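Quick notes on the structure that follows.
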C-alpha cells in the first residue's frame, strides 16, 4: 500500500503526497524538536518531500510497508544527523559584534596577527590534485557529504569513491611530509 502511495505521489498526486506527509509527521516533528531551531520542521519536511519524489522504487528490495518505512526512517535519521552536525558547528561560532567592546578589540587584534589560511590553500592542494580528486575531498571534508551520497551523485559505487578518497588522502599526507 505504501509503495502504491509513493508511486502516485511521484506521478503528481497531491493527495497521496499529503497522506505520506501526514503519516510521517510524528517522525519529522520528533526530529525537528530535537534539532531545536526555528525552521527545523520545515527543513525536514522539505527533505521528506524531495526524498519521496526522487525515491527509486525499483531499487528497493523490500516492497512491503515495513521495508519502505524503514528506508524512509533511516533517510530522515541521516538528514537529522547531518543537521545536528551543522547545528553543533553553529553553536561554536560567536558573533564578534555581540562581544563587549574590550573583548571585541582583543579578538580583532588577535585575528589580525594570526594568518588563518585554509589548509587547502596553504598546501596548494587544488593545484596538486586532479580536479575530480579535489572535488571529492572538498565535498567530504568541507561540505560534509557522505561517501555514499557522493557515489549516488556521481553514479559510482560507494567502494570506488571510498578508495579514491583513501588514495587522495595518502597523496595529501605525502605532500605534507615533503615540506
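Nothing in this text is a laboratory measurement; each read-out follows from the coordinates by a stated rule. All of these numbers come straight from a predicted model, not from anything done at the bench. All Cβ positions, even for glycine, are placed from backbone atoms using ideal geometry, and neighbour counts span all protein chains on display.
Order of 24-32, 139-147 by packing, highest average Cβ count within 10 Å first?
Going by the mean number of other Cβ atoms within 10 Å, highest first, we get 24-32, 139-147.
Test of understanding: what is the full-extension gain from residue 82 to residue 134, defined as 0.36 nm times their sequence separation minus their Cα-Cα distance?
Between residue 82 and residue 134, full extension yields 16.5 nm more.
Considering only C-alpha atoms, what is the centroid distance from the stretch 32-57 to the stretch 131-179, in Å?
27
Return the distance in nm (one decimal) between the two label points of a simple spin-label model at residue 142 and residue 29, each offset 7 Å from Cα along Cα→Cβ.
4.1
Taking a point 7 angstrom from the Cα of residue 75 along the C-beta vector, which residues in the stretch 31-65 have backbone N less than 16 Å away?
43-65
Could you list 54, 79 so that the one with the fewest beta carbons within 10 Å of its beta carbon is first and the one with the most is last?
Result, fewest neighbours first: 54, 79.
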